[in-house]
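The values are calculated or read from the model by the stated rules, or taken from the named source; none is laboratory data. Computed from a predicted model, the values in this text were never measured in an experiment. Here Cβ is always computed from backbone atoms with ideal geometry, including for glycine, and neighbour counts include all displayed protein chains. With ligands, DNA and RNA removed, areas are computed over all heavy atoms of the protein, side chains included. Shrake-Rupley method; radii C 1.70, N 1.55, O 1.52, S 1.80 Å.
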Amino acid sequence: MADAVERPEGPDVEDSVVLDAKGLRALAHPVRVQLVGLLRKYGPSTATRLAERLGVNSGTASYHLRQLGAAGFVEEDTERGNARERWWRSVHRTTWFNDPELAEREPVAALAYQQSVAAVYTLRTQQTLNGLQTMPHAWRNAFDMSDWALRLTPEEAAALYRELTEVITRYRRDAPETAASAPEGAERVALITQILPELDAPAASSLPPGPQEEEGSPTS
């Protein structure tokens, strides 16, 4: 029986791929996650150009592109390629991994994939920070890194995710077919959401009493 999950509601659903066991294992490598991301962001490219962006040799990039091709994440762009130069393009715009049962069956691959994604997010943030001072003021003022501490139940966290997704879908996605019709001044923006359970944080009742909160004192 093939692994499958219900296709999620959210941005880019029509161009998305939901990871099954084969796809998860294929993407359980940081270079492959980055290659797919670069092809989605910049469009078709060659192994040599992609290798330059990643700081690896072209042989390494070619090998991982072939593995991604075998798994259905990328394909040859035959309209651009020739006998000397092989071009690749991404098959999908987004990737979804939201199957807890699959993660339990493939714990090593799931962890490797998620760690690779987290590393890519960190790299994106650092690249933006490196160029922040040279950005136009309007974009500098739009830049944000916020950290909100909430105390939620698992059900409330799931509801929060759904609500955030509903908000995101109201905005224009970045895709080749929308770039030409976007208003003047529109640029690509990466919006990264993270819901990170911190189960080691103590509850308020387990904290030691503060200077104004001696044991036995009345509370409002």
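Numbers for the structure displayed
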read-out: Sequence-distant residues sharing a close amide H with Trp87 (under 5 Å, placed H); value: Asp77, Gly81, Asn82
read-out: Low-density loop cleavage sites - GluC sites (Glu not before Pro) in the stretch 54-84, where at most 16 other Cβ are within 10 Å (DSSP); value: Glu79
read-out: Where N is the number of residues in the chain, Cα Rg divided by 2.2 N^0.38 Å; value: 1.27
read-out: Accessible area, probe 1.4 Å, largest first, for residues Val31, Val189; value: Val189, Val31
read-out: Per-residue [θ]222 nm for the chain (sum of -39500 (n - 2.57) over DSSP H runs n ≥ 4, rounded to 500); value: -13000 deg cm²/dmol
read-out: Apportionment of accessible area to carbon and sulfur, the stretch 68-136, percent (1.4 Å); value: 50
read-out: Alpha carbon centroid spacing (whole Å) that separates the stretch 33-86 from the stretch 99-174; value: 25
read-out: Amide hydrogen neighbours beyond the local backbone of Val74, cut-off 5 Å, H modeled; value: Gly69, Val91
read-out: Average accessible area per residue (Å²) across the stretch 35-106 - probe 1.4 Å, nucleic acids and ligands excluded; value: 57
read-out: Probe 1.4 Å - accessible area at Glu156, Å² to nearest ten; value: 90
read-out: DSSP-loop trypsin sites (Lys or Arg not before Pro) across the stretch 91-179, with at most 16 other Cβ within 10 angstrom; value: Arg151, Arg170, Arg172, Arg173
read-out: Binned Cα-Cα distance frequencies in the stretch 81-129 - 5 Å width, integer %; value: 4, 15, 14, 15, 18, 13, 11, 7, 2
read-out: Relative contact order %, the chain, counting alpha carbon pairs below 8 Å whose residues are six or more apart; value: 23
read-out: Accessible-area ranking of His64, His137, His92, largest first, probe 1.4 Å; value: His137, His92, His64
read-out: Additional length obtainable on full extension of the chain from Ala157 to Asn57, 0.36 nm per residue less Cα span; value: 31.8 nm
read-out: FRET efficiency for Ser16 and Arg80, using Cβ-Cβ distance with R0 set to 22 Å, rounded to 0.05; value: 0.35
